[in-house]
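What follows is one structure encoded as structure tokens, with my remarks underneath.
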Amino acid sequence: MPITHATEKFNYPECDGDVLQVRGLHFSYPDGHIALRGISLNLCSGDKVALVGPNGAGKSTLMLHLNGILEGRGEIDLGGLRLSRDNLPMIRSMVGLVFQNPDDQLFSPTVFEDVAFGPLHMGLSESEVRVRVDSALEAVRMISYKDRLSHHLSVGEKKRIAIATVLSMNPSILVLDEPSAGLDPRAMLVSPHDTRLAQELFPRTIVMDDGNIVADGLTMEILKDEELLTAHGLEKP
Amino acid sequence: MHSDAFDRYHHHDSALHRLDPRIKVVVAIAFIISNALLPDGAWMAFGLAWLFVLLASALSDLGLGYTFRRSFIVLPFALVAVTVLFSIPGKPVSQFHFMMWDFTVTDAGLLRFVSIVIRSWISVQIAILLVAVTRFPDLIHAFEHLRVPAILTTIIAFLYRYLFVLSDEVIRLLRARQSRSAAAAGQRSGGGVLWRARVSGNMAGQLFLRSYERSDRIYNAMLARGYAGQLLTLNPHELHGRDWAYAVAAFLFILAMQFVGRF
Amino acid sequence: MLYSPIAPMHIPDGFLSIVISVICWAITIVTLGVAISRTNKSLGERQVPLMGVMAAFIFAAQMINFPVAGGTSGHLLGGALAAITLGPWAGMLVMTAVIAVQGLLFQDGGLVVMGANILNMGLLTAAVGYGLYRSAIGSKFTIKLTVAGVAAWLSVMTGALATSMQLWLSGTANIGVVVPAMLGVHALIGLGEALVTVAALSFILRTRPDLLGEQSASAQGGRGWILTGVLITLAVVLLSPLASASPDGLNRVAMDLGFIQTAQTASGPLAGYTVPFLSSISASKIVAGSIGVIVVLAIAVITGRSLQTKKPNS
């Protein structure tokens with residue numbers, strides 16, 4: 001029997017989940033390892049959420065569910081649309097998922113090809129794709145890198161281009177492994193490696209441990225709760 | 001750490017750099033085929049072929065000696081053709097004794113050997129020039145538009161992209177091996193050839209697993225951006241009148257070369 | 001330390017006649033066409049990133065060299081390893097990409113003769129390497145590795161023999177010399193290939209047995225591959241001594257088929273000008289004998305190695 005934790009309640013303005021609703025999400029890997037034990041959460045437009053927790057808490061697994069790369073038991077609604085096999089292409093354009101290692105995210109020889117990959121596979125016209133590529137690269141201030149070769153970029157440059165590769169799909173929510181540079185009005189679910197950054201950039205924090213959400217609320221309050229932080233292996237900022 | 005040694009492209013803004021990559025690929029291949037078709041001892045035509053290389057080099061801003069300096073890569077292979085010196089019947093040109101055998105170089109053998117080496121030497125220069133004036137991703141596009149199956153061009157694009165990432169990994173592995181194989185003064189480090197081969201094999205196995213796992217993550221990244229088995233690409237190149245003009249000029253030159261070589 | 005090409009098997013442009021180049025391209029294109037449709041079925045949409053990264057892997061793995069003796073070094077070519085780990089068709093596509101990049105980017109092998117290079121180093125090596133290994137799927141660890149080692153060695157020898165034959169048919173090399181020379185050199189290169197392939201496979205089998213398990217894509221190649229592998233091996237075993245022992249007979253066949261023009265013009269007094277040792281029996285005996293010795297040695301060594309790998313990890 002999995003241990004169930006009660007989610008500790010912290011203050012946070014009510015959110016009806018107009019961007020994202022997850023209900024009772026369970027997932028176990030083929031080798032039997034249980035990764036998610038009934039996750040439920042809401043995200044609203046403009047929400048900036050830090051998803052924190054120790055290694056193996058299930059953060060990455062949860063993120064991979066949000067655009068259907070992993071399929072667990074439970075319900076996921078994006079913008080009121082229930083995620084299913086039929087609307088997978090549409091969902092994938094709504095969720096901009098950026099992976100941790102930019103060398104995995106940038107798989108094309110040139111920056112242009114990489115940023116164009118998403119819009120192209122959404123079925124957009126050639127001229128629309130070009131417009132999207134330009135505006136995405138403008139947004140991360142990398143427009144002059146359009147014709148560069150990916151392997152010539154520095155790690156920092158790669159990370160910014162990696163964000164552009166999903167911005168070009170015009171998603172309604174960004175799901176990132178690390179906080180992105182610059183302000184984006186979109187809803188953002190980020191798993192920062194540094195809790196100090198969480199404090200500065202994300203008003204809301206969700207704490208995960210062992211496949212459960214153990215706390216959800218205002219970042220200020222959560223980061224003050226030393227008992228909670230030590231219980232889940234998180235460093236105090 | 002960057003394996004820039006893999007890049008053969010030289011950044012310039014010459015007429016040859018700006019030429020459509022499809023034209024460059026087709027002309028280079030036609031030129032090499034033409035060399036292979038020239039009969040042995042067509043010295044005039046070989047001279048014209050070299051002139052073609054020089055003209056192309058002049059158009060590339062890389063300097064006339066650029067391809068020449070790098071063309072010696074084919075010389076080791078010329079060893080396999082050495083045997084034709086002695087085995088093709090003809091008038092003896094020179095004779096010598098080596099170990100227990102007598103060797104006779106014939107005039108026909110010499111003609112054939114020199115022709116093979118010249119053909120190869122001129123052909124490789126145009127190939128060297130091709131990658132020096134064309135970015136590799138543009139070459140891949142050219143092949144895509146020349147109807148090479150998308151699956152092959154995509155594998156090549158991935159190979160090119162991850163060649164740099166994985167070779168950096170290899171360099172790290174090799175360094176780790178080096179730093180661990182310490183030896184006492186005056187002693188060779190490590191065991192015999194078998195042991196060394198096994199260490200290399202373990203490294204290859206390790207690299208295989210890392211690459212395999214990486215391909216999984218890349219697959220996820222592709223899925224997340226809407227990949228569903230169908231590969232789509234944009235054609236970034238357009239053929240202009242200028243490109244056609246160069247193509248026609250090159251083909252006329254090649255035809256002239258064949259004419260001179262045969263009549 | 002960086003990219004070090006192995007010269008003997010990458011044919012540059014100019015060394016093959018147009019006829020031979022075209023024939024090799026035809027064989028290569030047809031085989032690749034089948035490979036593309038087969039991998040599409042067996043691997044599905046996952047095939048693209050998998051084969052792409054694996055091609056980069058083979059390329060990078062070729063950089064892992066180890067000193068052998070006298071300043072020379074051995075390293076992996078990878079045809080057999082690619083076919084054994086990914087399945088024969090995917091292995092062929094991966095090797096094709098590797099050879100294409102070597103030729104295009106590094107001029108290691110020509111462009112017009114690339115069809116021949118792909119055939120020799122990508123298609124034949126994968127067919128032989130996989131075909132022989134396929135016969136050992138389901139057997140014990142040690143046997144599997146031993147067979148893989150022999151398969152890797154033979155895959156290199158097959159490529160070398162095919163290369164020699166193409167050079168000979170193009171009138172670029174004398175068969176009586178090129179066959180023993182190429183096979184002799186590649187008997188050693190193949191030994192390195194066998195050792196590295198076996199060590200790499202043993203590492204993969206111990207760490208991720210699921211990847212090479214009975215359900216993996218690599219195990220799903222049909223049993224027809226065993227026949228293909230055995231037939232090619234037989235052809236190599238029969239042709240090598242024949243080419244060394246009676247080059248005149250093969251020359252005659254090639255002339256009758258119209259491949260060798262230069263020799264045709266003077267087929268009469270041929271003997272008077274050729275070097276005596278080319279047609280001598282001793283060369284063929286040396287080759288046949290050394291091949292035999294090397295086969296036995298390879299089997300013994302590989303068996304010993306793989307028995308050793310069963311010991312606890314060092």
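The values are calculated or read from the model by the stated rules, or taken from the named source; none is laboratory data. This one's a predicted model, so the numbers in the text were calculated from it and none came from an experiment. Neighbour counts are summed over all protein chains in view; Cβ atoms, including those assigned to glycine, are modelled from backbone coordinates with ideal geometry. For accessibility, only protein heavy atoms count, side chains too; no ligands or nucleic acids. Shrake-Rupley method; radii C 1.70, N 1.55, O 1.52, S 1.80 Å.
Taking the condition of being in contact with a Ser or Thr (Cβ under 9 Å, 6 or more places away or on another chain), open to solvent by less than 10 Å² (accessible area, probe 1.4 Å), more than 21 Å from C:GLY192 (Cα to Cα) and not hydrophobic (A, V, I, L, M, F, W, C), how many residues in segment C:73-109 meet it? Looking only at that region, the number is 3.
Determine if segment A:192-212 includes at least one residue that is open to solvent by 20 Å² or more (accessible area, probe 1.4 Å), at pLDDT below 75 and aliphatic (A, V, I, L, M). Scanning segment A:192-212, I find at least one residue that is open to solvent by 20 Å² or more (accessible area, probe 1.4 Å), at pLDDT below 75 and aliphatic (A, V, I, L, M), so the answer is yes. Filtered by the rule that a residue be more than 19 Å from the chain's Cα centre (by Cα) and either more than 8 Å from chain B (Cβ to nearest Cβ) or in a helix (DSSP H, G or I) (or both), segment A:88-113 gives A:VAL111, A:PHE112, A:GLU113. A count restricted to segment C:1-28 and to residues that are open to solvent by 20 Å² or more (accessible area, probe 1.4 Å) and either modelled with pLDDT under 90 or not in a loop (DSSP other than H, G, I, E, B) (or both) stands at 15. Of (1) under 30 Å from B:LEU159 (Cα atoms); (2) within 11 Å of chain C (Cβ to nearest Cβ); (3) open to solvent by less than 20 Å² (accessible area, probe 1.4 Å), B:SER34 satisfies all except one. Which? Going through (1) under 30 Å from B:LEU159 (Cα atoms); (2) within 11 Å of chain C (Cβ to nearest Cβ); (3) open to solvent by less than 20 Å² (accessible area, probe 1.4 Å) one by one, B:SER34 breaks only (1). Considering A:MET188, A:MET142, A:MET169, the condition of being surrounded by 15 or more Cβ atoms within 10 Å (Cβ to Cβ), away from chain B (no Cβ under 14 Å) and modelled with pLDDT of 90 or more is satisfied by A:MET142 alone. The requirement of being surrounded by fewer than 15 Cβ atoms within 10 Å (Cβ to Cβ), modelled with pLDDT of 80 or more and under 18 Å from the mean Cα position of the chain (by Cα) is fulfilled somewhere in segment B:66-75, by at least one residue. Note on segment B:208-253: among residues that are of a type outside the set (A, V, I, L, M, F, W, C), touching a Pro at 6+ places or on another chain (Cβ under 8 Å) and at the interface with another protein chain (Cβ under 7 Å from one of its Cβ atoms), the one that is least open to solvent (accessible area, probe 1.4 Å) is B:SER215. Can we say A:LEU124 is assigned to a helix (DSSP H, G or I) and without any contact (Cβ under 8 Å) to a residue 24 or more places away in the chain? No: the conditions fail for A:LEU124.
Restricting attention to segment A:17-46, the residues being touching a Cys at 6+ places or on another chain (Cβ under 7 Å), open to solvent by 10 Å² or more (accessible area, probe 1.4 Å) and outside any strand (DSSP E or B) number 3.
Does A:ALA136 fit the bill of being touching a residue at least 24 places away in the same chain (Cβ under 8 Å), open to solvent by less than 60 Å² (accessible area, probe 1.4 Å) and more than 27 Å from C:MET54 (Cα to Cα)? Taking the combined requirement at face value, the residue satisfies it. Here is a check on your reading of the model: is B:VAL80 within 8 Å of chain C (Cβ to nearest Cβ) and more than 22 Å from B:ALA132 (Cβ to Cβ)? For B:VAL80, the condition - within 8 Å of chain C (Cβ to nearest Cβ) and more than 22 Å from B:ALA132 (Cβ to Cβ) - is met.
Every residue, every condition in (1) farther than 30 Å from B:PRO137 by Cβ; (2) within 10 Å of chain B (Cβ to nearest Cβ), yes or no:
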| residue | (1), (2) |
| --- | --- |
| C:LEU104 | no, yes |
| C:GLY129 | yes, no |
| C:LYS140 | yes, no |
| C:THR158 | yes, no |
| C:THR163 | yes, yes |
| C:LEU169 | yes, no |
| C:ASN174 | yes, yes |
